[in-house]
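See below for the structure under consideration.
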Amino acid sequence: MIRVLVADDQALVRAGVRMLLQATGDMEVVGEAEDGAEAVRLAERHLPDVILMDLRMPRVDGLEAIRRVLAARPGARIVVLTTFAEDGNVYAALRAGAVGFLVKDDEPERMVDAVRRAAAGEQLLAPSVLRRVVARFLDAEERAVPAAPSGLTEREVEVLALVGTGLSNAEIAEELHVGVTTVKTHIAAAMEKLGLRNRIQAAVVAHRTGLVDASFRPVHQRRGGTAT
């Protein structure tokens, strides 16, 4: 059973999300918060698998709530709920460690799928959206000479590059002719070594270090990692 916390200042939105998720049979809404401060408290109390977090809330907004939740629980899976796909705060939320975002007028099935994918450690951005996010992150950072991520095995570097292209775990597994569990293991190891919270940050690192080119294709060359 996937345990979900819903944080939104609109009671009707919370009720609708609760009904939608609990009708699936494999999800349980363990808490509802009407502002960011309550979301932080309920996250600490219930330890949900996934948190759906609105950004625009009174008292403590969603962005600050994300920071507080992840400071206490770095592994929390937070999905941003927003009214506008171009909301500038979305990028700040992703940088803070949210695993993706949903627009509130998306199809209901997309929210259900997003919760399942977040719980499974998947990214929640379509490749086209990932391109915009990576570009926005890179534009906001100082340009530096690309350097290979240090401390990764050769296979971890290869998997990191494919994460940077926007492929899912299943697609990476097919590309490398390995199991999905093996892919998850390599991604988790690479993220831990690099101090990353989510796949979006991993994709940014893959681009910033030259593992992926501007056309979102992996750069096929050895990057100095150790053999697996």
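The GNM of the chain, with springs linking C-alpha atoms under 10 angstrom apart, assigns the highest mean-square fluctuation among 30, 178, 17 to 178.
Rounded to the nearest 10 degrees, what's the angle between the helix 108-119 long axis and the longest principal axis of the chain, both from Cα atoms, 0 to 90? Tilt relative to the chain: about 60 degrees. Karplus-based coupling profile of the range 21-26, in residue order and whole Hz: 6, 6, 6, 6, x, 10, with θ = phi - 60° in 6.51 cos²θ - 1.76 cosθ + 1.60 and x standing for Gly or Pro. Judged by the ratio a/c of the largest to the smallest principal axis of the C-alpha gyration tensor, the range 1-85 counts as oblate, that ratio being 1.5 or greater while a/b is no larger than b/c. Taking 1.567 mPa s as the viscosity and 4 °C as the temperature, the Stokes-Einstein diffusion coefficient of the chain based on its alpha-carbon Kirkwood radius rounds to 72 µm²/s.
Could you pull out the longest piece of the chain with no exposed loop trypsin sites (Lys or Arg not before Pro) in it, calling a site exposed if DSSP puts it outside H, G, I, E, B and it has at most 11 other Cβ atoms within 10 Å?
1-142
Using a Gaussian network model on the chain with a 10 Å cutoff between Cα atoms, which of 176, 47, 162 fluctuates the most? Maximum fluctuation in the GNM of the chain, among the listed residues, is at 176. Taking every DSSP helix (H) stretch of at least 4 residues in the chain, weighting each as -39,500 (n - 2.57) and dividing the sum by the residue count yields a mean residue ellipticity at 222 nm of -15000 deg cm²/dmol.
Think of each Lys and Arg Cβ as +1 and each Asp and Glu Cβ as -1; about the Cα centre, that makes the dipole of the chain roughly 640 debye. The angle between the Cα long axis of helix 36-46 and the longest principal axis of the Cα atoms of the chain comes to about 80 degrees, rounded to the nearest 10. Result for the chain in a Gaussian network model with C-alpha springs under 10 Å: among 82, 182, 165, the largest mean-square fluctuation is at 182.
With each label modelled as a point 7 angstrom along the Cα→C-beta vector, the residue 56-residue 180 pair spans 3.6 nm. Using the Cα coordinates of the range 58-127, the gyration tensor eigenvalues translate into equivalent-ellipsoid semi-axes of 19, 15, 10 Å, sorted from longest to shortest.
Taken together, the values in this text are just the output of simple stated rules run on the coordinates, not laboratory data. Please read these numbers as outputs of a predicted model, since none were measured by experiment. Cβ sites come from the backbone with ideal geometry, for glycine too, and all protein chains shown count toward neighbours.
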